[in-house]
Structures are given as structure tokens and as C-alpha cells.
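Beneath this line is the structure, given in C-alpha cells, with notes to follow.
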Amino acid sequence: MRANNRSGCGSGRTMFCTRRFSRRSRREFYSAISHVFRGPMVGATGYIDYLFKGYSGTLTRDQQLQLVRARESLLSLTSAVNAFLDLVSFDLDLAGLRLKKTDLAAAVADTVVQLRYLAHKRKTRISLVSAEAGIFVRADREWLKTMLQELVTGVLLLSPENSQMTVQLSRAGRRVSLGIYNSSPRDGAKPSPFLFKPFSSEPVKGAPGGRRGGLGLSLAHRIALAHGARVRARSGAAGYIEIVMDMPQA
């Protein structure tokens, strides 16, 4: 990964300004906050599982229901914390990338297939437009999958019901373009929040995992930039959303 994340000091592009800190100091800081956030969640998850197994006695139906709700809330919190810590790893220039030749067209197609059920639940039509298969980029496969999942999910969750969402992949010359668009037939809808700003998300009914709006999309933005991609995004009235990312081919 190019070590340029820290150049955002004072520009608002990162959550932390680490220009004066060594890599060791940054790793120690990341390890400390990971322990602070993840330690209590691991303990709470273990205790809830302990209660579910009945080791503390038989549970009433109401107690079981409350435990289910507590577990769902904890899973949402865990997902949000993981997204936050991933963001921190990029801003501290600690997210190592293993770049390999990767089929972007196949990864995009898999992401769309995986999210069709969520789109159906949200009464949103989602379609994939791809000029051709076998479009390759140099990318870390796991981070690439995370980026695609967050981008498509983020736009899907911010899309109003009965809207059309399109994911389009094409290439021109030595660059690949991925476009994610939403168009809504409704007028008067509120503009969406600035898409790549952490913690700016609006409440989204039924959003899984807590990664709604700012956190998930900001993580996707960091991953794209670390891969040498250029990203532009805008949102407007009537629920319109557009994200376009282009990156070099392998």
C-alpha cells in the first residue's frame, strides 16, 4: 500500500494525524484501542451464549426473547466497531495490502447476487450491467470484496423503496470504471448524507450490522484510494445517488 494516508493531516481526510509518530507507536495505539473496544464485546458475547445454553437455569419465553434482542444489538455493535477499527487501520497506514491479479467483473457479479435478497426485502430492484467478463485489476482480494460489499450495500440501504439501483462495470483504455446508481420515482425525498464522511449516517430501518451510511462507505472509500482508484460520489433530491470509481487494470 502506498504510504500516503498520513498526508491528510489538517485536511479532514483522515480521523488521525500521525505524521510525527513512528510505525511502532501507531501499532501500539491501534493494539490498545482494539483491546479497549473488542475485549468487552467478547466477554458480553460469551456471557449471552452462556445464558442461552441454560447453564444459569431454565429461561422463560420472555427472557429468551430479551436475550435474542440483546444478542442482535451486540452483533450490530460488533460490526460497527469492526468497521471503525478497519477505518483506523487505514488512517494509521497499517492496513497491509496483498496485491494480486483479481477478476473484478466476477467479484462485482458475486456481490450483486449476494445482495439480491436484501434488495428484495427493501423493495428495490437491483441490476448489473457489464460490457464484458474477465476485467482484471491488481487488488487485495479480501479488501476488494469488503469494498464492493460496503459500496453496494451502502447505496442500497440509502435508496428509497420502489427505486431502481444499477451497478455498471466497463473499461476504457487502461482503466476500469465501476458505477453504482440509484434513481427514485419519488419527489421530495431528503438528500442523503455526504456519503464518505464517517459518523454522518441517517437512521436506516433494517440496516444489518450497524454499518450504515458513514462508517461502511468511508471504509470503502479508504480501500479504493489505497488501491490507486479515483472515487466521486454525489446525492440529491428524490433519493438520487451516484458513486463512480475508476482504477487501473492489471
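Summary of packing: across the peptides 171-178, 24-31, the per-residue average of other C-beta atoms within 10 Å ranks them, highest first, as 171-178, 24-31. Working note: Karplus 6.51/-1.76/1.60 with θ = phi - 60° gives the range 242-247 the couplings 9, 10, 10, 10, 10, 9 Hz, where Gly and Pro are set to x. Per residue, the accessible area of the range 46-97 comes to 56 Å² when a 1.4 Å probe rolls over the protein heavy atoms. Taking all protein chains into account, the per residue accessible area for the range 100-140 stands at 57 Å² (1.4 Å probe).
Residues with beta-carbon under 11 Å from that of Thr124, excluding Thr124: net charge, scoring Lys, Arg +1 and Asp, Glu -1?
Within the 11 Å Cβ shell, the charges total +4.
Note that the range 102-187 shows a convex hull volume over its alpha carbon atoms of 86 Å³ per residue.
Each listed q (0.16 Å⁻¹) maps to a log10 I(q)/I(0) for the range 1-151, found by the Debye formula over equal Cα scatterers with no solvent: -1.08.
Report, in listed order, any pair from Lys100/Lys197; Lys123/Lys197; Lys101/Lys121; Lys101/Lys197; Lys100/Lys121; Lys53/Lys145 with a Cα-Cα distance greater than 32 Å. Over 32 Å apart, Cα to Cα: Lys101/Lys121; Lys100/Lys121; Lys53/Lys145. For the range 50-137, taking Cα atoms only, Rg and Dmax work out to 20.5, 60 Å respectively.
Near Leu67: Cβ cut-off under 13 Å, other residues only, Lys/Arg at +1 and Asp/Glu at -1. The net charge is +1. Fully extending the segment from Thr60 to Lys100 would add 9.2 nm, taking 0.36 nm per residue of separation and subtracting the current Cα-Cα distance.
Need one number: % antiparallel among DSSP beta bridges in the range 35-194, to the nearest 5. Counting only bridges with both partners in the range 35-194, antiparallel ones make up about 70 percent.
The values are calculated or read from the model by the stated rules, or taken from the named source; none is laboratory data. Please read all numbers here as calculations on a predicted model, not as lab measurements. Heads up, the Cβs are rebuilt from the backbone with ideal geometry, glycines too, and the neighbour counts pull from every protein chain shown. When the accessible area is computed, the model is the full protein with side chains, heavy atoms only, and any ligands, DNA or RNA have been set aside. Shrake-Rupley method; radii C 1.70, N 1.55, O 1.52, S 1.80 Å.
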